[in-house]
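Novice: Submitted below is the structure of interest, expressed as structure tokens.
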């Protein structure tokens, strides 16, 4: 867990203002699956909000400390049931994720995206490529059909 200056913490609080919670912690508490999801979210976004359901303030404080200690993150803010935490991206993890993505997308033909915006852009690209190939295939089919009709008409 890195120590942040008050100015940096203020910048991060301002940056988190418009964010929506990406992880929700409910009745089961802090399970390994929840920690894994928080870790993936921190790797993708660095700054995240976590919504905690049904816990007292002291329990939420303890939960925030446990998450930050377990994942090497820094606590930024705790307002009501919302926790804001930050951690820098880990470079080695990012490279291995990119390598796995390239391998899996090469094998399956499906691209994996890190964010909803990237996913939507990839989906649009895929749809445009597919539409273009369908258009070329139909044009080639029409051309072959036209050629066959003119050849058969010339023979008569």
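The values are calculated or read from the model by the stated rules, or taken from the named source; none is laboratory data. Please read these numbers as outputs of a predicted model, since none were measured by experiment. Heads up, the Cβs are rebuilt from the backbone with ideal geometry, glycines too, and the neighbour counts pull from every protein chain shown.
Novice: With the condition kept exactly as written, say whether any residue in segment 90-97 is touching a strand residue (DSSP E or B) at 6+ places or on another chain (Cβ under 8 Å) and either surrounded by fewer than 17 Cβ atoms within 10 Å (Cβ to Cβ) or at pLDDT 95 or above (or both).
Specialist: Scanning segment 90-97 turns up no residue that is touching a strand residue (DSSP E or B) at 6+ places or on another chain (Cβ under 8 Å) and either surrounded by fewer than 17 Cβ atoms within 10 Å (Cβ to Cβ) or at pLDDT 95 or above (or both).
Novice: Going residue by residue through segment 39-50, is there one that turns out to be touching a residue at least 12 places away in the same chain (Cβ under 8 Å), part of a loop (DSSP other than H, G, I, E, B) and surrounded by fewer than 17 Cβ atoms within 10 Å (Cβ to Cβ)?
Specialist: Yes - at least one qualifying residue is present in segment 39-50.
Novice: Are any residues in segment 12-38 surrounded by 14 or more Cβ atoms within 10 Å (Cβ to Cβ), more than 17 Å from residue 65 (Cβ to Cβ) and out of contact with any helix residue (DSSP H, G or I) (no Cβ under 7 Å at 6 or more places or on another chain), and if so, which ones?
Specialist: The answer is 12, 13, 15, 16, 21, 37.
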